[in-house]
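Enquirer: Mind having a look at this structure? Questions to follow.
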Amino acid sequence: MATPGAAPPVVTTKAPATNGTVTGLFNTAVQKLKELPIPFWAVIAIGVVAALLLLCCMICICKKCCCKKKKAKQGKKGLKDSVDLQEVKMLGNQYKEKVQPDMDDLDSYGDEDDGTPKLGQLQFSLDYDFQQNQMRVGVLQAKNLPGMDFSGTSDPYVTVKLMPDKKKRFETKVHRKTLNPTFNEYFNFKDLKFSELSNKIILFLIYDFDRFSRHDLIGEVSIPLSSVDLARVVEEWREIQPAHGSQEGDRPGDICFSLRYVPTAGKLTIVILEAKNLKKCDVGGLSDPYVKMQLYSNNKRLKKKKTTIKKRTLNPYYNESFTFEVPFEQIQRVDLRLTVMDWDRTSKNDPIGELRLGPNATGAELRHWSDMLANPRRPIAQWHTLTEFEK
């Protein structure tokens with residue numbers, strides 16, 4: 001019960017916040033701003049400027065933080081790049097060792113390298129038969145030959161000669177596009193008495209075959225038989241040496257010609273193109289060369305033809321064509337003999353060198369003949385090295 005004359009109790013209640021309250025606060029703030037002694041638009045301008053200044057400060061802070069992170073990243077990258085450069089330097093030194101020794105190291109190699117170019121190695125075998133008086137020479141393989149062609153490879157083959165008798169020679173097959181050919185070919189030099197071997201030399205000449213130009217002589221391996229123990233089978237590796245000038249000078253020269261056979265017409269066409277580096281036969285150091293062609297069957301001469309004479313030259317150019325009638329059933333029974341002659345007005349003409357082509361030929365001559373038959377109606381041109389004339 002309430003006491004008479006006492007004040008009634010005051011009960012307070014908290015009203016909830018509403019959107020009307022926020023709007024009221026905003027209107028109140030606007031009203032207060034209008035009561036300021038400056039225009040309302042100036043207040044708005046000051047607010048905009050303050051907002052821009054705040055934005056600029058925030059941008060500067062962010063940019064500074066980003067720059068610190070970027071520098072830290074670049075520092076790590078720089079460390080990585082320094083490692084890469086060191087690796088590149090080490091790699092460069094490795095290539096340098098493969099390509100060229102340091103100047104300080106040249107003296108240490110002086111005793112081993114005499115300046116002779118590296119031409120590779122040749123493996124051969126020698127087997128002398130005392131009962132048959134014959135020498136079996138094997139051309140086994142070669143390795144690390146120099147690249148003679150534009151592609152960096154070679155087309156090597158080997159010619160085997162018994163010196164000083166230059167007429168006895170054999171030739172291996174050509175191995176295409178290789179610097180490490182495997183030959184495994186054997187040749188027999190007959191009628192060799194053991195008492196005469198001390199004055200003989202087995203000469204291996206390594207060539208790079210080229211159909212359209214002169215064959216390149218890579219080098220040679222010379223084996224004096226007096227230095228070899230022929231009581232056993234000899235099988236050795238030898239370094240290929242540069243060919244001596246005397247060997248090149250003893251060559252009769254080189255000749256280029258084409259062969260073409262038409263089976264249906266039975267015609268064999270020979271085009272004598274040119275010759276180079278022919279042997280000097282005249283007193284003046286030149287020759288008057290011409291080419292004589294003879295067709296044989298069973299060692300019987302059937303026909304002969306000859307080119308014009310080219311005066312006073314060791315490198316004659318002919319480009320002359322000749323045709324022989326050879327039926328298809330006889331093409332495998334004929335031999336073609338080409339002889340380069342030196343014309344002489346007052347004495348007998350001297351032979352410079354010769355070639356023999358046909359099914360009984362060997363080496364490059366047999367290969368040229370086979371290519372002609374394998375490509376009927378098509379002229380096949382090739383360079384050949386002349387051999388000493390056999391009477």
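The values are calculated or read from the model by the stated rules, or taken from the named source; none is laboratory data. Since the structure is predicted, the reported quantities are computational estimates derived from the model, not experimental observations. Glycine also receives a Cβ, built like all others from the backbone with ideal geometry; neighbour counts cover every protein chain displayed. In case anyone asks, the SASA skips ligands and DNA or RNA and just uses the protein heavy atoms, side chains included. Shrake-Rupley method; radii C 1.70, N 1.55, O 1.52, S 1.80 Å.
Enquirer: Would you mind calculating the relative contact order of segment 298-391 from Cα pairs under 8 angstrom and at least 6 residues apart, reporting the percent as a whole number?
Expert: Result for segment 298-391 is 19 percent.
Enquirer: Averaging sequence separations of C-alpha pairs under 8 Å and six or more residues apart, then dividing by the length of segment 117-228, give the relative contact order as a whole percent.
Expert: Details: 246 pairs, mean separation 29.9, N = 112.
Contact order relative to length: 27 percent.
Enquirer: Taking K and R as +1 and D and E as -1, what net charge do the other residues with C-beta under 12 Å from the C-beta of Val174 add up to?
Expert: -1
Enquirer: Quick check: pseudo-label points 7 Å beyond the Cα along Cα→Cβ at Arg345 and Arg214, how many nm apart are they?
Expert: 2.9
Enquirer: Checking a compactness column here: for segment 235-384, what do you get for Rg(Cα) / (2.2 N^0.38 Å), N being the number of residues?
Expert: Normalised by 2.2 N^0.38 Å, the Cα Rg of segment 235-384 equals 1.15.
Enquirer: Extension gain Asn27-Lys173, at 0.36 nm per residue separation less the Cα-Cα distance, in nm?
Expert: Extending this stretch completely gives an extra 41.5 nm.
Enquirer: Let me ask another. Please work out how much length the chain gains when fully extended from Lys267 to Lys118, using 0.36 nm per residue of separation minus the C-alpha to C-alpha distance, in nm with one decimal.
Expert: 48.9 nm
Enquirer: By the gyration tensor of its Cα atoms, with a ≥ b ≥ c the square roots of the eigenvalues, what is the shape of segment 134-200: rounded for a/c under 1.5, prolate for a/b over b/c, or oblate? Walk me through the numbers before you get to the answer.
Expert: Working: a/c = 3.12, a/b = 2.58, b/c = 1.21.
It is prolate, given that a/c is not under 1.5 and a/b is the larger ratio.
Enquirer: If each residue of separation counts as 0.36 nm, what is the full-extension length gain between Asp127 and Lys64 once their alpha-carbon separation is subtracted?
Expert: So the extension gain works out to 13.8 nm.
Enquirer: Whole number in Å², please: accessible area per residue of segment 234-321, 1.4 Å probe, ligands, DNA and RNA not counted.
Expert: Values: 4640 Å² over 88 residues.
Using a 1.4 Å probe on heavy atoms only, each residue of segment 234-321 averages 53 Å².
Enquirer: So, R0 is 25 Å and r is the distance between the beta-carbons of Lys303 and Glu388; what FRET efficiency does that work out to, to 0.05?
Expert: It comes to 0.50.
Enquirer: By the scheme Lys and Arg +1, Asp and Glu -1, what is the net charge of all other residues having a beta-carbon under 12 Å from that of Gly120? Intermediate results must be reported in sequence, preceding the final value.
Expert: Working: positive: Lys118, Lys143, Arg238; negative: Asp208, Glu220, Glu239.
Local net charge: 0.
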